[in-house]
Structures are given as structure tokens and as C-alpha cells.
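The values are calculated or read from the model by the stated rules, or taken from the named source; none is laboratory data. All of these numbers come straight from a predicted model, not from anything done at the bench. Glycine gets a Cβ as well: all are built from the backbone with ideal geometry, and neighbour counts include every protein chain shown. Accessible surface is based on the protein model in full, side chains and every heavy atom, while ligands, DNA and RNA are left aside. Shrake-Rupley method; radii C 1.70, N 1.55, O 1.52, S 1.80 Å.
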Amino acid sequence: MRTTCIILLIFAFGYGCSNKPAPNSSKVASEKVTKADPKKSKSDTFSKKRPNIVFIFSDDHSYKAVSAYGGRLKDIAPTPNLDRIAKEGIRFDNCFVTNALCGPSRAVIQTGKHSHLNGFMENEHRFDGNQQTFPKLLQKGGYQTAVIGKWHLGTDPQGFDLWNILPGQGTYYAPDFRTPKGLVPGTPGEYVTEAVVGKSIDWLKKGRDKNKPFMLMVQHKAPHRFWLPPVHLLEEYTSKNYPEPENLFDDYKGRGTPANTQDMTLRVTMDLALDNKMVPFRQDRMNETQRKQWNKVYDGIRADVLKKRPQGDDLVRWKYQRYMADYLACIKSLDESVGTMLDYLDESGLAENTVVIYASDQGFFLGEHGWFDKRFMYEESLKTPLLVRWPGVAKPGTVNKQMVSNLDFAQTFLDLAGLDQPSDMQGKSLKPLFEGKEPKDWRDSIYYHYYCFPEYHAVRRHDGVRNSRYKLMHFYDLDEWELFDLEKDPKEMKSVHDDPKYADTLMHMKGELAKLRKQYKVPPAPKLRKGETLFPPWPEFGTFEVGLGNKEWISLFDGKTLNGWHKPDNDSIKVVNGEIHLSPDPQVFYLHTREFTDFILELEAKMPKENFD
Ligand code: SGN
Ligand code: CA
């Protein structure tokens, strides 16, 4: 198993404009305000004029799982609260990330610069927080700033009046938080999405200086793998039947080596134990009630699948249903938390002068191409949802089709605050688009770059360019190209790179790519890592421990016989009285479907205790 990272760089035509300072500098804004209402204190009036910003950010949220975007899941898994933002504001249909991976996306947002310039190209990197970031500039410009939830940048946040973050990827149940004072252990019974929004509202109520405008980043863990939903949604979401994507059984013909050799299929990579929860796991982060509700639902599913033992394509279909149930229940909870925040903004009277922005760090495959995860420059992963509400400014029900990006967020926030946009930031403020303007010089293509190979999910390094109709991808380590005509082939099933009819388009897109690389000062890619094995276990992310703290061997799965199962040569697994048992030591194991015939158990390694729910 290997993984790759994707980096997307964004390009704009006539790009010089993006680096110009905002026309309304903070000085101008404050003068205006003082004139308008001389009786009020400057900070008071200033904060009225300058909008607050609530940035709600999720992790791996496909736009196909937001009902406002339509699509196959809209009726079965609606998101009424997210839809409310779209209805009362703007739905952006073409928001792309520069690199479809968590840390890199966050670093781009902090800095307004592509990964190669902010230095954070892979999740394993550590963000240099001493560099210029938008929260520092906002703080200097008179804003109160806070970040709550997933951070995932390795180093401590800077430029925030308050930070209260999940360590690393965080956990779904009883999440620990980290503050400047240290680790705050999780509270049993708490669910991460609710905890993040609860702490955010606490800060709005009690933590901030109410004389200043604020910028709050509400950053969710959900719906990141392993998609552990809150128990109140389990029954409902596991009993639905989710429509499949048309290309669930993609055979990857018509595309090159990378699509054929990735490691992110539901068929092979999706794990029955970890992803589909078909083996009991440590639940010491759950309280008794949660444990009971959880086991009631999953014991039932487990018993059912063991009876049916789906094989081959049926097993893929079964996994897809399991995957959607968990993923979409996490989304439902996220949507509920968005409702909680919107309600609070209404009740507190803050709504009127607060810009609410919803986005994800990148998209995600929900079975399209037979995949989960992201990293590729294909549409599902490249795009993120972007919804914006700005009462009195953004026209309700607007749909914006311009090409925008996470590269733009930093400058947008600064512009909203009436502050200068540093000339070395590489995006464009979206404020004019929020205001319904149609800037003539808007970009018409974006640049993407993913840097991580070998790595989890084995996506090859590539960069590329997308405009409104075409997408060109270059897997440069292989020197393989793919070109898609998104109008004729929106699902990206057949590259037309070698089709003579597209020769002119190919030439044009290659020119665009070269232009963007130059414009964004993209250096040659770092050397390809060689010789690193990236097979499990991966201590930093770990896998489930089986053991449940019992003194004896633990019963596993259907427990009949190990005959015909792939098993290790040591004594860590055996059959006792007709039951398959694991050694009491914490063991990490993987269940794979190999050759699509049956479940296969693989014991991978021992590992120390990790933070798993
Ligand atoms: C973990 C996941 C991967 C995922 C990366 C990056 N494996 O490693 O599936 O691609 O995170 O995700 S897991 O077994 O630990 O869930 S990111 O959103 O943080 O970039
Ligand atoms: Ca992510």
C-alpha cells in the first residue's frame, strides 16, 4: 500500500490584479465609519462595518454529499442546513483545491500561496508558522481570531487569540483537544463534530472581545476516514439504500498507469475490519450508552454479512452501502452542527453582519471509479463545496460558476476585513464575487500539483491544468499524460490525449500548463522517494487494535476455521474450540478481500496503543 499527495495550483489570467492591495484599506474603512456615526466608539462602529467571518471547514467532504449541489445522494441524504447557506447566499460550483490533501490544503489557506512556496507539500511536513499567514494579518488589523477543531499542520497555530485543536487527525469519540496550555483529555460521551461546534459557540459567547470583529475557523474532523458516526444516526443511516455511481465498476481502460495501479478501491483497499467495522474494536472512548447503541447496530450487520458472505461484485456493492451509511451519517451530523451554528448566529443577532463560509479541505470519491479517498486531480477530489452567506450583500440563491480556489481564501478574508492583500499571495479575493460583481479579468484556468509518492493509496505524482472544458494531467515520473473533454466525458472515463481530433486542444493545454508553472514559480518536483516501504503498519495513523483489554484470546469474525485463509506464520492467531482468536497483545490486522473470492485475514504487526475510538 502506498499513498500519494496531490497538489493543485491555481492560475489566473491577467493575474497581476490578484496582487494589488484591496481598494479599501483599513485606514479608509475606519475613516468612513467614524464619519458615519461619530457618537459610537471607533472600535464599536468599526466592528459593525467590518463583517465577522465564520469559516466552517470540513475534512474530505465531497460536493456530491451536499444536497444543494444535487446529484444522486440529494434525496437519500439531504443536508438542509448547508443548503440553507446556499439558499440564503451563494453556491460556488467550481471551487478547486491546489492539492487534494489535508495538510497542504490548510497550509495554502493559511498563506494564500501554493505548496511549493509555503513549504508544506505533504501531510508529514511541519508547517512553518513563522511565515506570513492571514490570521496574523487579521489580528494586526484589529480582528479577534480563533481556530477550533482539526488543524493537522504539525506545528502550533500562530496568529490566533484562541486555539483549541484536535491532536493530529483527532478522534471521533471523546476527542482530546490541545491548547497552548497542553492536552485536554476527551470527555466520555462527547462526539467530535458536536464538541467542535460547542466550543466554537462558547468562544463566540464568552471568549472573545466583543468590541472587535472576529474571524472564527470551525474545523471539523468529519467525515474523515474511518467515518465513525454519532450513535443517534446509526440506525437511520444503516437502513437506507444508497444509489450507486454509474462508474462504481470502472475498469480503468482509457486511462494510464496511475488509475490502474492506485490503492484506493472499495474492492481491494477498503478494509472490512477498519473501514466497514466488521470486527469489534476497542471502544474505550465511547461511554456505555454509545457502546450499546453502536454494538446493537453493528452486531446485526456483522451477523447478516457473515450469513450472506457476498463475493466479488456483490461484495463491492455491500461495501459501498456500508461506506455510504457511515460517511453520510457523519455528514448528517456535520449538517446538524452547521444548523446549530446558524441558529446561534441568528439568536445572538450576529448573523446580520457575519459572512458564513463553508468549504472542505478537498473533495472525496464516494465510489466513483470504484474508489474512496482523494489525491487525484479527477473532479470528485479536485473540487470542494463552497457555500457563502453574507446577509445584505450576497444575493440569496446565487449560483456562481467562476473558477475559484482555496488559494483565494486568505486574500478574501483580508479583503472582507478591509485590509491590504500582500503582493506575494497568489490567489484572488472572492469578495467581488460575493458582492455579485463579474470581474472581467477573472481567471479561466487553475493549476494543480500532488507530490506524494510512494504513499498511502499509491497515487502517482502529477500536476495539471483545468479550464472550463478541458483537463490536462501530467504524471511526470512516468511521463504519462491524460486529457479529458469534460463536456463530453464529465466522468473522466476516457483520456483523449492520443486522439488526433484533440491535437490542437492538447497543444493549447500544454501551453497553459507551462504558463501556469511559470506564473506560480513552480520548481522542478523534488526527487522521487525511493526504497521506502509504505506497507502497514503506519504508526502515525495506526490501525485498529483488537484486544478489548481482555485477558484471553478474543473471538473474531465468524470463528470457524482458518482453512483457506491467508495467515501469518507465527502464533498470533489460532482456532480455539472452533473460534478464531487473536493473541491478547495489541495486534494490528487487516482484513482484505483478495482475488475477490472471500474474506482474507492478514495479521500485519504489533503496534503500541494508539488513539482510536
Ligand atoms: C489517513 C487515511 C488515508 C488518508 C490520509 C490523509 N488512512 O492516512 O486514507 O488518505 O489519512 O487524509 S487511515 O487508515 O488512517 O484512515 S488527510 O485528509 O488527512 O489528508
Ligand atoms: Ca482531508
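Per-residue answers, yes or no, for (1) in contact with a helix residue (DSSP H, G or I) (Cβ under 6 Å, 6 or more places away or on another chain); (2) open to solvent by less than 20 Å² (accessible area, probe 1.4 Å):
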residue: PHE92; (1), (2): no, yes
residue: VAL108; (1), (2): yes, yes
residue: HIS116; (1), (2): no, no
residue: GLU124; (1), (2): no, no
residue: PHE134; (1), (2): yes, yes
residue: LEU138; (1), (2): no, yes
residue: VAL147; (1), (2): no, yes
Can you give me the number of residues within region 248-278 that are within 16 Å of ligand 1 (Cβ to nearest atom) and either among the small types (Gly, Ala, Ser) or closer than 22 Å to LYS74 by Cβ (or both)? 2
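Determine whether LYS332 is under 16 Å from the mean Cα position of the chain (by Cα) and open to solvent by 10 Å² or more (accessible area, probe 1.4 Å).
Values: under 16 Å from the mean Cα position of the chain (by Cα): yes; open to solvent by 10 Å² or more (accessible area, probe 1.4 Å): yes.
Here the answer is yes, as LYS332 does meet what is asked.
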Which condition number does VAL496 fail, the rest of (1) touching a residue at least 60 places away in the same chain (Cβ under 8 Å); (2) in contact with an Asp or Glu (Cβ under 9 Å, 6 or more places away or on another chain) being met? (1)
Test each condition in (1) farther than 24 Å from ARG106 by Cα; (2) without any contact (Cβ under 8 Å) to a residue 12 or more places away in the chain for ARG469 and report the one that comes out false. (2)
Search result, residues across region 164-183 that are in a strand (DSSP E or B) and either surrounded by 21 or more Cβ atoms within 10 Å (Cβ to Cβ) or polar (S, T, N, Q) (or both): ASN164, ILE165, LEU166, TYR173, PHE177, THR179
Given (1) under 27 Å from PHE226 (Cα atoms); (2) open to solvent by less than 10 Å² (accessible area, probe 1.4 Å), number of the condition VAL388 does not satisfy: (1)
So PHE160 fits all but one of (1) in contact with a helix residue (DSSP H, G or I) (Cβ under 7 Å, 6 or more places away or on another chain); (2) surrounded by fewer than 22 Cβ atoms within 10 Å (Cβ to Cβ); (3) not small (Gly, Ala, Ser); what number is the exception? (2)
Can you find a residue that is within 16 Å of ligand 2 (Cβ to nearest atom) and touching a helix residue (DSSP H, G or I) at 6+ places or on another chain (Cβ under 7 Å) anywhere in region 328-337? yes
From the set of residues in region 221-265 that are of a type in the set (Val, Ile, Thr) and in contact with a helix residue (DSSP H, G or I) (Cβ under 8 Å, 6 or more places away or on another chain), which is farthest from ASP335 (Cα to Cα)? THR265
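For region 97-120, enumerate the residues that are in a loop (DSSP other than H, G, I, E, B), touching a strand residue (DSSP E or B) at 6+ places or on another chain (Cβ under 9 Å) and away from ligand 2 (no atom under 15 Å from the Cβ).
The answer is HIS114, and nothing else.
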Just to be sure I understand, how many residues within region 182-197 are farther than 12 Å from GLY170 by Cα and in contact (Cβ under 8 Å) with a residue 24 or more places away in the chain? 4
Hits in region 397-444 (condition: surrounded by fewer than 23 Cβ atoms within 10 Å (Cβ to Cβ) and at positive phi): GLY397, GLY436
For the condition in contact (Cβ under 8 Å) with a residue 60 or more places away in the chain and either open to solvent by less than 20 Å² (accessible area, probe 1.4 Å) or touching a strand residue (DSSP E or B) at 6+ places or on another chain (Cβ under 8 Å) (or both), what is the one hit in VAL305, VAL279? VAL279
If the requirement is being at pLDDT 95 or above, within 16 Å of ligand 1 (Cβ to nearest atom) and surrounded by 16 or more Cβ atoms within 10 Å (Cβ to Cβ), which of these qualifies: PRO229, PRO245? PRO229
When you scan region 357-381, how many residues do you find that are within 13 Å of ligand 2 (Cβ to nearest atom), under 14 Å from SER105 (Cα atoms) and more than 10 Å from the chain's Cα centre (by Cα)? 1
Which condition breaks for ARG106 when tested against (1) modelled with pLDDT of 95 or more; (2) in contact with a Gly (Cβ under 7 Å, 6 or more places away or on another chain)? (2)
Leading residue by the ranking (farthest from VAL338 (Cα to Cα)) among those in region 79-96 that are within 19 Å of the chain's Cα centre (by Cα) and assigned to a loop (DSSP other than H, G, I, E, B): ASN94
Regarding PHE281, is this residue within 16 Å of ligand 2 (Cβ to nearest atom) and modelled with pLDDT under 95? no
Every residue from region 60-78 that is more than 16 Å from ligand 2 (Cβ to nearest atom) and assigned to a helix (DSSP H, G or I): SER67, ALA68, TYR69
